[in-house]
Each structure stands twice: as C-alpha cells, then as structure tokens.
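Since the structure comes first, as structure tokens, the remarks are kept for the end.
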Ligand code: TYD
C-alpha cells in the first residue's frame, strides 16, 4: 500500500508521516518512510535545486518538469521496489503537491501537470491524508523553523491561502482517495485522527 501525507508548508505532515509509520510498524508491518521532493539519491539532488534559492528562480513550467523528474526517480528507485517487496510505503508528499503547488497556485498549469503525470508517473497513492490547518499558523511554524529550505514559504501568506484552498478542492475531486484531516491540537491528536480514517 502507498499512503501519502499532504498539506501546506508547516502543516505538520512530516511529523504525521513519522507517527503513522511508527504506528504501522507497531502493528507488525514492514514500512518504508520516504519524502518528496527526494526519497532517492538522484531525487534528493534535484530537491536542492527546488527548495533553495529565490522564490522566482524557476518558471512554473520548469519547476513542474523538475518535480516530475524527481518523482520519476523516486518511483523507480524507492517506491516501486518497496511495493514489489510487499512493504507499506508512507510518503511525505507525492503528486498532489504538484497538482496544488504548480497546477493551482502558480498559474493555470493543471492541464500540463495532469498530462506529465499520466505520461511519466501514472500511479496514485491508495490513500492520501491532507493535514488541514490555518495558513497563517502554518506559515508562522515554517518560518520559525529557519534554514535554507524556505523557497516556498518566501512566497507569502496569500500563496499559502491559495494552496490551502487547492488542497481542500482536491479532497472534493478525489473523495475515495483523499481525506482532509483536522490539523489542530497536539501531534498525537492529529495522528489518532489519521489512524481512525485509515
Ligand atoms: P517539503 O520538504 O515537504 O517542505 P515542508 O516540510 O516545509 O512542507 O517540501 C518542500 C517544498 O516543495 C514545499 O514548499 C512544497 C514544495 N513542493 C512543490 O511545490 N511541488 C511538489 O510536487 C512537491 C513534492 C513539493
């Protein structure tokens, strides 16, 4: 099974991906915890090009190609081999991030995103959990974390608001696969909601 965690910057999905992997391991499952952009050596190299530097460093089209290249490598080298071996894969972001960040938030590129996905990726997670939080809270958390990986946070609050709207729309578009999870409260509260939904 392939499970993805999604949401805006600072929503807590990395913590939730870890807690979900821990909970599944405690049930005796063999779990691979991975992330995007990245998750394989080649894709981690592409990650640096994407998350560091100026907000407008890439055109939306180029950015989309780089995310898709990273995802293809992640799929070939990490996700598919793990699924073939019968393992459960929990990934911190997958194709829905491209749909929302590149497809909805940065110009009307959704059609291009969908065509590239069909051509180069062609798989969806079995289940996707979107951690839904207030964009101002998420941005404050993301900025508090500091570090060099702030390219998307640097695009500001109105960008985060468009993203939050985009993720909510995705839950409506894929009701069988995508669940919105209330991201308020403690990490353990949110984790319990995800496990109950799963
Ligand atoms: P991530 O490491 O998940 O950052 P965070 O832990 O702050 O949420 O992702 C890095 C950034 O890349 C994040 O701002 C979202 C963005 N992103 C896209 O724009 N498109 C994509 O397809 C993916 C996977 C990530």
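The values are calculated or read from the model by the stated rules, or taken from the named source; none is laboratory data. A quick note: this is a predicted structure, and the numbers were derived from the prediction, not measured. Glycine gets a Cβ as well: all are built from the backbone with ideal geometry, and neighbour counts include every protein chain shown.
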For residue 55, all conditions in the list (1) at pLDDT 95 or above; (2) more than 10 Å from the ligand (Cβ to nearest atom); (3) more than 13 Å from the chain's Cα centre (by Cα) hold save one; what is the number of the exception?
(1)
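Condition (residue is touching a residue at least 60 places away in the same chain (Cβ under 8 Å), assigned to a loop (DSSP other than H, G, I, E, B) and within 9 Å of the ligand (Cβ to nearest atom)) applied to the stretch 32-44: is it met by at least one residue? It would help to see each step written out before you state the result.
Restricting attention to the stretch 32-44, the residues satisfying the condition of being touching a residue at least 60 places away in the same chain (Cβ under 8 Å) are 36.
Cutting the leftovers down to assigned to a loop (DSSP other than H, G, I, E, B) gives us 36.
Cutting the leftovers down to within 9 Å of the ligand (Cβ to nearest atom) gives us 36.
Yes, some residue in the stretch 32-44 is touching a residue at least 60 places away in the same chain (Cβ under 8 Å), assigned to a loop (DSSP other than H, G, I, E, B) and within 9 Å of the ligand (Cβ to nearest atom).
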Go through the stretch 146-180 residue by residue and tally those that are under 17 Å from residue 197 (Cα atoms), in contact with a helix residue (DSSP H, G or I) (Cβ under 6 Å, 6 or more places away or on another chain) and free of Cβ contacts under 8 Å to residues at least 60 places away in the same chain.
2
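Within the stretch 67-85, identify whether any single residue is within 18 Å of residue 129 (Cβ to Cβ) and in a helix (DSSP H, G or I), and answer yes or no.
Taking the stretch 67-85 first, the residues within 18 Å of residue 129 (Cβ to Cβ) are 79.
If we keep only those that are in a helix (DSSP H, G or I) too, we end up with 79.
Checked the stretch 67-85: at least one residue is within 18 Å of residue 129 (Cβ to Cβ) and in a helix (DSSP H, G or I).
What is the residue count in the stretch 1-15 for residues that are outside any strand (DSSP E or B) and within 20 Å of residue 98 (Cβ to Cβ)?
Step one: filter the stretch 1-15 for residues outside any strand (DSSP E or B), giving 1, 7-15.
Next, only the ones that are within 20 Å of residue 98 (Cβ to Cβ) stay: 7-11, 13-14.
The total comes to 7.
Please go through the stretch 13-28 and pick out each residue that is more than 9 Å from the ligand (Cβ to nearest atom) and either under 30 Å from residue 156 (Cα atoms) or out of contact with any strand residue (DSSP E or B) (no Cβ under 8 Å at 6 or more places or on another chain) (or both). Steps first, answer last, please.
Looking only at the stretch 13-28, we keep the residues that are more than 9 Å from the ligand (Cβ to nearest atom), and these are 15-28.
Those that are more than 9 Å from the ligand (Cβ to nearest atom) and either under 30 Å from residue 156 (Cα atoms) or out of contact with any strand residue (DSSP E or B) (no Cβ under 8 Å at 6 or more places or on another chain) (or both): 15, 16, 17, 18, 19, 20, 22, 23, 26, 27, 28.
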Just one of the numbered conditions (1) within 13 Å of the ligand (Cβ to nearest atom); (2) surrounded by 14 or more Cβ atoms within 10 Å (Cβ to Cβ); (3) not in a helix (DSSP H, G or I) is not true of residue 124; which one?
(1)
When the stretch 99-121 is checked residue by residue, the ones that are within 12 Å of the ligand (Cβ to nearest atom) and farther than 24 Å from residue 191 by Cα are 99, 101, 102, 103, 104, 105, 106, 109, 113, 116, 117, 121
Selection within the stretch 65-111 - buried (at least 20 other Cβ atoms within 10 Å of the Cβ) and at positive phi
93
